Structures are given as structure tokens and as C-alpha cells.
1. Residues that are modelled with pLDDT of 95 or more and on the phi < 0 side of the Ramachandran plot, at least 3 per element: which helices (runs of 4 or more DSSP H) completely within region 93-185 meet that?
2. Identify, from the list 40, 15, the residue that is over 14 Å from residue 86 (Cα atoms), touching a helix residue (DSSP H, G or I) at 6+ places or on another chain (Cβ under 8 Å), in contact (Cβ under 8 Å) with a residue 12 or more places away in the chain and buried (at least 17 other Cβ atoms within 10 Å of the Cβ).
3. Quick check, is residue 23 part of a helix (DSSP H, G or I) and touching a residue at least 24 places away in the same chain (Cβ under 8 Å)?
4. Could you tell me whether region 173-182 includes any residue that is closer than 13 Å to residue 74 by Cα and under 18 Å from the mean Cα position of the chain (by Cα)?
5. Quick one: residue 130 ticks every box in (1) crowded, with 19+ Cβ neighbours inside 10 Å; (2) within 15 Å of the chain's Cα centre (by Cα) bar one, so which box is it?
6. Filter region 183-198 down to the residues that are surrounded by 15 or more Cβ atoms within 10 Å (Cβ to Cβ) and without any contact (Cβ under 8 Å) to a residue 40 or more places away in the chain, then identify the one that is farthest from the chain's Cα centre (by Cα).
7. For region 98-110, what are the residues that are under 9 Å from residue 78 (Cβ atoms) and out of contact with any strand residue (DSSP E or B) (no Cβ under 9 Å at 6 or more places or on another chain)?
8. Does residue 51 meet the test of being surrounded by fewer than 19 Cβ atoms within 10 Å (Cβ to Cβ), touching a helix residue (DSSP H, G or I) at 6+ places or on another chain (Cβ under 6 Å), in a helix (DSSP H, G or I) and in contact (Cβ under 8 Å) with a residue 12 or more places away in the chain?
């Protein structure tokens, strides 16, 4: 996907008019807060639709049918968690976001209020929240947070018959999978990204320690 075309992103992902309005609020508020809080990499702000919003929207299409609860770890400026929560306001699912950075949590809460996004935000470390989410999560997400091996170490208590994970990864995905396979028996699928030819999403359905 080249260029930063709002219209192309909305069309490609069949975004409703109401959801588009809410995403516009997110993008506008990000631009305002970025000048003071530096929420995303400055070089990526000009590609917010094609790089951040679209990258988040594609995850919604990969979730199992009937998904009701998401857990987004290290939510940062809300990609993918806040974008998913904006979708959830219309299609009836809820996103729990975990972010230890106070200024980023303030932004997440601010945009959640403005958009009516279906979200709960915790300004906590992952180790505090994950035990509380056992048995309450359909889909896990984490974007640009840690290596796959580390993500699995953190999230292992959450995997059960109902829980799967969608972890966006870059060009080193095979290296990360090989490292993780030394410690885990992983049932997974690699899905090419619709946004970046060098990226993919690792969809994990189960893990077991070796």
C-alpha cells in the first residue's frame, strides 16, 4: 500500500461511515498530541493511515468469528488496540489495552472518551494484568513490543481452547519463530501482511512448553 490515502484505507477495509468518523478523531488527536508527547515515531506520522491504521484494521479480519474480547499488550498510541476498540463500538467486541507509559495511557483514555470506543485501559505492567485476564480473552495482540519468544513467555497463562494470538512481525519472523521453537511447541500460521510486503502476522492457536 503506497501513499497515505485515507479513502483507500477506508475502502479496502470496508469501513462504515460512523467508524470512519471515529478514526478521523483518532488521527486528528494523534497529530495534536504528537507535537507535545511524541507518541509515535515522527517519521511515521505522515503515513498514519497507510502504516498505522491499516496495519491495525487488517488484524480484525483475522480474528475468529464470534470474537468478543481482545487483549492488546503494550498499546502505545493505540495501534492496534484503539483502532480495534473503535471497530468494537460498532460490531460488539471489547478491547482491553495495557500500557505502562502514563502519557500514552492519557492519550488512549482521551480518545476512548471522544470516540466511544469499546475499551478498558490499564496503566500497569503486563505481569500485573495478565493473571487477571486468564479465561477472559479471545484474541491477544501485541505490535512492535517484544520478540516472539518473549511474548509467549509473558502470555503463556492465557492460552486455552478459546484464546488465540495475532502478532504482527517484520522481516525477521522466521528467525523469531526458530528461537521460540527451542522452548515452545507452537501451532501457528504465517499470514502475509496486506500493508507491507516484508511483514506478516503470526496467528497462534496454541503453545506448550517443551
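The values are calculated or read from the model by the stated rules, or taken from the named source; none is laboratory data. Bear in mind that the values here come from a model prediction, so they are computed numbers and not experimental data. Positions of Cβ are backbone-derived with ideal geometry, glycine not excepted, and every protein chain shown enters the neighbour counts.
1. Values: elements: 102-115, 126-129, 148-155, 173-181.
Output list reads 102-115, 148-155, 173-181.
2. On the way: 15 fails: over 14 Å from residue 86 (Cα atoms).
One residue alone meets the criteria, 40.
3. On the way: part of a helix (DSSP H, G or I): yes; touching a residue at least 24 places away in the same chain (Cβ under 8 Å): yes.
Here the answer is yes, as residue 23 does meet what is asked.
4. Within region 173-182, the subset closer than 13 Å to residue 74 by Cα is none.
For region 173-182, residues closer than 13 Å to residue 74 by Cα and under 18 Å from the mean Cα position of the chain (by Cα): absent.
5. Of everything listed in (1) crowded, with 19+ Cβ neighbours inside 10 Å; (2) within 15 Å of the chain's Cα centre (by Cα), residue 130 misses just condition (2).
6. Applying the first criterion (surrounded by 15 or more Cβ atoms within 10 Å (Cβ to Cβ)) to region 183-198 yields 184, 186, 188, 191, 193-196.
Next, only the ones that are without any contact (Cβ under 8 Å) to a residue 40 or more places away in the chain stay: 184, 186, 188.
On the way: 184: 23, 186: 20, 188: 18 Å.
Applying the filter and picking the extreme gives 184.
7. Those that are under 9 Å from residue 78 (Cβ atoms) and out of contact with any strand residue (DSSP E or B) (no Cβ under 9 Å at 6 or more places or on another chain): 104, 107.
8. On the way: surrounded by fewer than 19 Cβ atoms within 10 Å (Cβ to Cβ): no; touching a helix residue (DSSP H, G or I) at 6+ places or on another chain (Cβ under 6 Å): yes; in a helix (DSSP H, G or I): yes; in contact (Cβ under 8 Å) with a residue 12 or more places away in the chain: yes.
For residue 51, the condition - surrounded by fewer than 19 Cβ atoms within 10 Å (Cβ to Cβ), touching a helix residue (DSSP H, G or I) at 6+ places or on another chain (Cβ under 6 Å), in a helix (DSSP H, G or I) and in contact (Cβ under 8 Å) with a residue 12 or more places away in the chain - is not met.
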